[in-house]
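Scroll down for the structure; my scribbles are underneath it.
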Number of protein chains: 2
Amino acid sequence: MVNYPNGRKANPASKQSGKINTAYRGMSLEEDINLANQFYLSSNLAVIHKKPTPIQIVKVDYPKRAAAKIVEGYFQRRSTTDYNGVYKGRYIDFEAKETQKDAFPFTNIHPHQIEHLRQIIEHGGIGFIIIAFTRYDEVYLVDGSYMIDKYLNSPIKHITYQEITEKGFLITQGYQPRLDYLKAVEAIYMEV
Amino acid sequence: MVNYPNGRKANPASKQSGKINTAYRGMSLEEDINLANQFYLSSNLAVIHKKPTPIQIVKVDYPKRAAAKIVEGYFQRRSTTDYNGVYKGRYIDFEAKETQKDAFPFTNIHPHQIEHLRQIIEHGGIGFIIIAFTRYDEVYLVDGSYMIDKYLNSPIKHITYQEITEKGFLITQGYQPRLDYLKAVEAIYMEV
């Protein structure tokens, strides 16, 4: 039986039944996306990385014979998205969010990030949001243009789970990678 | 007379003479590229950002009624490049380096970054290095494939300034933006 590099057990039930497993049992969405990105890179499918967390550095000590040490720093709000890269020559850019609610609240995403996605799409890039509904153990890819339209024009400040099941694209979960979001990208944006 | 947003004086001589000014008088290459990126974004030409510096966070304090404070952190080596984004639907990825020498030493670029550029190009992205020769006040765009080939195969562990003047693309310097590297990208990669 194949286990994950991080030692997590794979789910044998879904394999044996032969059905596609869509239940979201990931340890964390970020971890699953990072593992998928590692898999895509090592399988030579795509080059997608998480951007480092922006830190405002206030004070650095330079001890003798040791590495520079940051002794005062603060987390900064990200003005763009978490992930970007290249797949089949296309620019890919997305944000990943988890919610325990029955809806995706717009407070989960910052106006700067919506504006960033808008710019990306305007310049021919592929922009989207990956949303994990932990309550339903499901993960969806939601197209950026759709999200932007809702964010800017909807009188209700969230998108319901029901709506995302209809308008989003359910990401299948399996072995390797556990969360194969590139398959959704391929289906939505590549098959013309 | 138009001054730079950061208060730097523009160079009137090059304007009056009507000649294209290629002398590199930037305060710093990074600053000039950041200003160019701001200009490209506000002019709706491209969406290119500098990635945040990767920081290894070791200890964080959570003071009451105040933002989380990083009290121990270290700079990490970047495994990818400094900049990426999208231009006319194409994925753009590059590293920027300054040298005071008469050559570009390969010690200025890390093997991980060369490997990253190789992957980018393999997946249809545009990858390059921008090199500022402070001695000559000139900035060149050097194609990623060319750099990778030299890095991996050349017995000499640098590329001479002379060679880069022949194989690189001289970036013109002007008003707005001061360092218009996208013009070089357009000329090299877009005009088919």
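FYI, it's all coordinate maths here, none of it is from the lab. What you are looking at is a predicted structure, and each value in this text was computed from that prediction instead of being measured. Backbone-built Cβ (ideal geometry, glycine too); neighbour counts: all protein chains shown.
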Residues satisfying the stated conditions in segment B:78-117, i.e. within 11 Å of another protein chain (Cβ to nearest Cβ) and either in contact (Cβ under 8 Å) with a residue 60 or more places away in the chain or farther than 14 Å from B:Ile129 by Cα (or both)
B:Arg78, B:Ser79, B:Gly85, B:Val86, B:Tyr87, B:Lys88, B:Gly89, B:Arg90, B:Tyr91, B:Ile92
Number of the exception - A:Gly73 against (1) over 17 Å from the mean Cα position of the chain (by Cα); (2) in contact (Cβ under 8 Å) with a residue 24 or more places away in the chain; (3) buried (at least 17 other Cβ atoms within 10 Å of the Cβ):
(2)
Within segment B:43-79, the residues that are assigned to a strand (DSSP E or B) and aliphatic (A, V, I, L, M) are B:Val47, B:Ile48, B:Ile55, B:Ile57, B:Val58, B:Val60, B:Ile70, B:Val71
Looking at segment A:147-168, is at least one residue under 30 Å from B:Leu45 (Cβ atoms), of a type in the set (A, V, I, L, M), touching a Gly at 6+ places or on another chain (Cβ under 6 Å) and surrounded by 15 or more Cβ atoms within 10 Å (Cβ to Cβ)?
no
If you go through segment A:50-62 one residue at a time, do you hit one that is in contact (Cβ under 8 Å) with a residue 24 or more places away in the chain, more than 7 Å from chain B (Cβ to nearest Cβ) and either in contact with a helix residue (DSSP H, G or I) (Cβ under 6 Å, 6 or more places away or on another chain) or of a type outside the set (A, V, I, L, M, F, W, C) (or both)?
yes
Test of understanding: among B:Glu72, B:Glu30, which residue is within 11 Å of chain A (Cβ to nearest Cβ) and of a type outside the set (A, V, I, L, M)?
B:Glu72
So how many residues does segment B:171-185 have that are buried (at least 20 other Cβ atoms within 10 Å of the Cβ) and outside any loop (DSSP other than H, G, I, E, B)?
6
Residues of segment A:87-127 being under 30 Å from B:Leu117 (Cα atoms), of a type in the set (Asp, Glu) and assigned to a strand (DSSP E or B), in sequence order, are A:Asp93, A:Glu95
Could you say whether any residue in segment A:131-145 is free of Cβ contacts under 8 Å to residues at least 24 places away in the same chain and either assigned to a loop (DSSP other than H, G, I, E, B) or in contact with a Phe, Trp or Tyr (Cβ under 7 Å, 6 or more places away or on another chain) (or both)?
no
